[in-house]
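Novice: Mind looking over this structure? Questions follow.
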Amino acid sequence: MSETAVVTLEDVSHVAELANLELTADELPHMQHNLNAILGYIAQLNELDTTGVPPMAQVGEMLGSEVHVHGETLRPDAIKPSLDRAAVMASAPETDGKFFKVPKVIER
């Protein structure tokens, strides 16, 4: 296995803060272990020889003719008229005329 980056407890704390997660002191080492294990698996995948394997840009190409057999085709990307803003805002509980007003739900 190739060398992988090691996630420190400080890294875990920083990422938890960015994600607005409250991890206990007992959870930090467990999360550190899990993140390092994930990076180890990624390092193993990076060692695979993918020569001759074409890059996959669109999953739809892989579905092939089976898509049409089951009727699961992708809809055409067509421009359609949107809802009338005034009508939508008229039915909103609170609005400034242009946007919906909602209560703040995340406090830091």
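A short reminder: the numbers here are calculations on the coordinates, not readings from a lab. For clarity, every value in this text was computed on a predicted model and none was experimentally measured. Cβ placement follows ideal geometry from the backbone for every residue including glycine, while neighbour counts extend to all protein chains displayed.
Novice: Taking neighbour counts of Cβ atoms within 10 Å as a proxy for exposure, in what order, fewest first, do GLU17, GLU107 appear?
Specialist: So the ranking, lowest neighbour count to highest, is GLU107, GLU17.
Novice: What does the extension gain come out to for LYS98 and LYS80, with contour length at 0.36 nm per residue minus their alpha carbon separation?
Specialist: Residue separation times 0.36 nm, minus the Cα-Cα distance, leaves 4.4 nm.
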